[in-house]
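Peer 1: One structure follows; several queries about it will come next.
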Amino acid sequence: MNGKILTLVTIISALALGSLTYQRNLVWQSEEAFWFDVLKKAPNRARAHNNYGVALFEQRRFSDALPSFQKAIELDALYPDPINNAALCYAALGNVDEAIQMLKKSLELNKYVPEVYENLAGLFICKKDFDRAEKCVNNALKLRPHYGKAYVQRGRIYLAQMHEVEENNAARRELLVKARDAFGAACTIADFDHDKQTRAMYEQLCRQCAVS
């Protein structure tokens, strides 16, 4: 091989490698693009569909993300992540009943996940089903006694119940104190001591209790 041909081959090879690197950078410039590329190569991977859905969910594209989670469930009915993620999508889209059914399905696969009970509690609060919400909070705290989000949900239950009480200052006061104690637990004995929003709510409830 003479010098000119060798030089030409070297240049072509360098251009080819540069092109591949450029294409790879284009493919991987976002989580969405990365997982979309994975799906083109492995369309029957449940995890790829789930992760692609997560990338869309994080952009708040809930309607676009839901089919990906549904496809992941179709491919692997025993894979809990897309079930939980689909529930979050349904909740974000305002379909609380469907979200509850999805989380119940998740518990059929694994009943020892405190996050599922905590999410269910929030959905039951939306439906004003406070008894079931309280049971879900209790289940979450049995599994993880220092679970701050579960204490926050307990506080939300009491605050929501306050709005259902009419002209009964004693009952409202009792619920207010319970809400304060729940948010206080989230900040002091649980894992939410770093959460500014929760601390702010706790401080506000302390002030309300002091003047009520």
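Every number here is computed from the coordinates shown, using simple stated rules; none is lab data. Only a predicted model underlies this, so the values are computations on that prediction, with no experimental measurement involved. Please note: Cβ atoms are built from the backbone with ideal geometry, for glycine as well, and neighbour counts cover all protein chains shown.
Peer 1: In deg cm²/dmol, rounded to 500, what helix-only [θ] at 222 nm does the chain give when every DSSP H run of at least 4 residues adds -39500 (n - 2.57) and the total is split over its residues?
Peer 2: Calculated mean residue ellipticity at 222 nm is -26000 deg cm²/dmol.
Peer 1: On a 0 to 90 degree scale, rounded to 10, what angle separates helix 31-41 from the longest Cα axis of the chain?
Peer 2: Here the helix axis deviates by roughly 60 degrees.
Peer 1: Now for a different question. Just how many pairs of Lys in the chain have C-alpha atoms closer than 15 Å, counting pairs that are eight or more places apart or on different chains?
Peer 2: The number of close lysine pairs in the chain is 7.
Peer 1: Could you calculate the contour length gain from ASN169 to GLN204, that is, 0.36 nm times the residue separation minus the distance between their Cα atoms, to one decimal place in nm? Walk me through the intermediate numbers first.
Peer 2: Values: separation 35, 0.36 × 35 = 12.60 nm, distance 1.85 nm.
Extra length available between ASN169 and GLN204 comes to 10.8 nm.
Peer 1: Something else now. Would you mind giving the average projected area, over all directions, of the Cα convex hull of the chain in nm² with one decimal?
Peer 2: Mean projected area for the chain: 17.0 nm², to one decimal.
Peer 1: To continue, here is another question. Report, in degrees rounded to the nearest 10, the 0 to 90 angle that the Cα long axis of helix 196-211 makes with the longest principal axis of the chain.
Peer 2: Roughly 10 degrees between the two axes.
Peer 1: So which trypsin sites (Lys or Arg not before Pro) in the stretch 49-154 pass both tests, a DSSP loop state and at most 10 other Cβ atoms within 10 Å of the Cβ?
Peer 2: Loop-located and lightly packed - ARG60.
Peer 1: If the stretch 125-212 were replaced by its equivalent ellipsoid, with semi-axes equal to the square roots of 5 times the Cα gyration tensor eigenvalues, what would those be, largest first, whole Å?
Peer 2: 21, 17, 9
Peer 1: Counting pairs of alpha carbon atoms under 8 Å apart in space and at least six apart in sequence, what relative contact order in percent does the stretch 125-212 give?
Peer 2: Averaging sequence separation for qualifying contacts and normalising by length gives 28 percent for the stretch 125-212.
Peer 1: Using the Karplus equation 6.51 cos²θ - 1.76 cosθ + 1.60 (θ = phi - 60°), what ³J(HN,Hα) coupling, rounded to whole Hz, does each residue of the stretch 174-183 give in order, writing x for Gly and Pro?
Peer 2: These are the phi-based 3J(HN,Hα) values: 4, 5, 4, 5, 5, 5, 4, 5, 5, 5 Hz.
Peer 1: Next question. Compute the helix-to-body angle for 80-92: its Cα long axis versus the longest principal axis of the chain, expressed 0 to 90° and rounded to tens.
Peer 2: It works out to around 60 degrees.
Peer 1: Let me ask another. Restrict the search to the stretch 104-212; then list the GluC sites (Glu not before Pro) that DSSP places in a loop and that have at most 10 other Cβ atoms within 10 Å of their Cβ.
Peer 2: GLU166, GLU167
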